[in-house]
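Participant: Structure provided below as structure tokens; questions to follow.
A short reminder: the numbers here are calculations on the coordinates, not readings from a lab. This is a predicted model, so every value here is computed, not measured. Every residue, glycine as well, gets a Cβ built from its backbone with ideal geometry; the counts of neighbours run over all protein chains shown.
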Amino acid sequence: MTKKQYKTLVERVESAYHSGQALNICGASSKSFYGSLPRGLTLSVKDNQGIIDYDPAELVIVARAGTSLAEIQSTLAKKGQMLGFEPPFAEQGATLGGAVASGLAGACRPYRGGVRDYLLGTKIINGKGQLAQFGGQVMKNVAGFDLFRPMAGAMGTLGLLLEISLRVIPKPEQELSVEFALDNEADAIKVLCEFGKQLPSLSAASWFPGAIRLRLSGSRLAVNRDAALLQKSYATAKMDASYWQAINHFEHAWFKELDPQHSLVAIDLPPASPPVILAGQQMTDWGGARRYLKTPLGIERVRQVVEALGGNATLLLGGDRSAFFHPLKPGLAAVHSRLKKSFDPKEIFNPGRLYPGL
């Protein structure tokens, strides 16, 4: 994208700032379901595309926010590398900017980290229409503050992402997905937590009602060693690795078979937390740290129970989207509010998409 085209985006944001016009930042719309309903005049950043720099030796890629994940993944794959956080919806045209803004990561999240762990820097347009750059191809900016990291998961509420610098990782030499029968959820959670300590090559672990499913990734030596260790205690069988992508993309039949009167809720908890006792059907991902619940209960009731366990609940499908993300505690909400005012003083970027007033 040329400086002139950046100038056009800057002018559009400047105009919105002066008029107070809300802007709905939009890329490929692959995550339009995620977050509260968008408001404002659509500002498409889809044409802001292209890989700016890629240094395989340094494990760093810099690309414009509208660049498709498919293009980035294809480029990395040619050098035997990948995005470590396994962002969803690449096949649906998802963009790098959307991946960062949503902060969504795949089954590897507990073992390799989330989006913000790979983010090295960003160039943005702030809410006044000013260009700003934070970080770069290093792990911290000159002031020592990671001002770019809040962009991960901010749902576009802090600024218009233009360019993004990411750390990438080598693709594993070998991957193996296995499963074995285990009916009891409480037992499954204990086992998943044990595996997190015992299996260095573990890169995904879930309990789907009736079975534990695991993915081992790394060197052949490490994967074969951990597979043999598992086989000593459990009757494991190889399984189709496409399961992980189906879960990551919310395309598994379990997600799609949702009663119209039910909601789908993502519950995040400390991994060793006991089963969440609520009406509905559950499955477990992220080695016990993520529980998915299909329930007829209202989201407020779910959150009451989850908060008592030290977790939070995100409303993925069904119910009132104005209560999509778990409300912040007052102190944390005040910090978010100050951050929002600093980046976007007139609250023109994706207002309310993340939290009311943010």
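Participant: Hey, what number do you get for the chain at 222 nm if only DSSP H runs of n ≥ 4 count, each worth -39500 (n - 2.57), divided across all residues, to the nearest 500?
Facilitator: Working: 11 runs with 104 residues, N = 358.
Calculated from helices alone, the mean residue ellipticity at 222 nm is -8500 deg cm²/dmol.
Participant: Also, quick follow-up: Please report the orientation-averaged projected area of the chain, defined via the convex hull of its C-alpha atoms, in nm².
Facilitator: Values: hull surface 71.6 nm².
So the Cα hull casts an average projection of 17.9 nm².
Participant: A follow-up question, please. Pop out the ³J(HN,Hα) list for the range 193-201 in order, Karplus 6.51 cos²θ - 1.76 cosθ + 1.60 with θ = phi - 60°, rounded to Hz; leave Gly and Pro as x.
Facilitator: 5, 5, 4, x, 8, 9, 10, x, 8
Participant: Roughly how many whole Å is it from the C-alpha centroid of the range 269-334 to that of the range 189-229?
Facilitator: 25
Participant: If I fit a long axis through the Cα atoms of helix 330-343 and take the longest principal axis of the Cα atoms of the chain, what angle between them do I get, 0 to 90°, rounded to 10?
Facilitator: For 330-343 against the chain, the angle is about 40 degrees.
Participant: Once you've got the Cα coordinates, tell me which of Lys7/Lys78; Lys31/Lys232; Lys232/Lys294; Lys232/Lys256; Lys190/Lys294; Lys31/Lys341 are over 31 Å apart.
Facilitator: Working: Lys7/Lys78 34 Å; Lys31/Lys232 42 Å; Lys232/Lys294 35 Å; Lys232/Lys256 36 Å; Lys190/Lys294 22 Å; Lys31/Lys341 25 Å.
Violating the 31 Å Cα-Cα cut-off are Lys7/Lys78; Lys31/Lys232; Lys232/Lys294; Lys232/Lys256.
Participant: Just to confirm the number: angle between the C-alpha axis of helix 220-233 and the first principal axis of the chain, 0 to 90 degrees, nearest 10?
Facilitator: Computed tilt is about 50 degrees.
Participant: Beta carbons within 10 angstrom, averaged per residue: use that to sort the peptides 316-324, 60-68, 20-28, highest first. It would help to have the intermediate numbers written out before the result.
Facilitator: Details: 316-324: 16.4, 60-68: 22.4, 20-28: 19.0.
The packing order, highest mean first, is 60-68, 20-28, 316-324.
Participant: Can you give the FRET efficiency to the nearest 0.05 for Leu41 and Lys256, using r as the Cβ-Cβ distance and R₀ = 35 Å?
Facilitator: For R0 = 35 Å, the calculated efficiency reads 0.60.
Participant: Then there is this: Of all DSSP beta bridges located in the range 1-107, what percent are antiparallel, nearest 5? Write down the numbers at each step before the final one.
Facilitator: On the way: 5 of 9 bridges.
Here the share of antiparallel DSSP bridges comes out near 55 percent.
Participant: Continuing with this model, one more query. For the range 163-176, in order, what is each residue's ³J(HN,Hα) by Karplus, 6.51 cos²θ - 1.76 cosθ + 1.60 with θ = phi - 60°, in whole Hz (x at glycine and Pro)?
Facilitator: Once θ is set to phi - 60°, the couplings for the range 163-176 become 9, 9, 10, 10, 7, 10, 10, x, 5, x, 5, 8, 9, 9 Hz.
Participant: Could I ask something else about it? Could you give the angle, 0 to 90 degrees to the nearest 10, between helix 299-308's Cα long axis and the longest principal axis of the Cα atoms of the chain?
Facilitator: Taking the Cα atoms of the chain, the angle to 299-308 is about 70 degrees.
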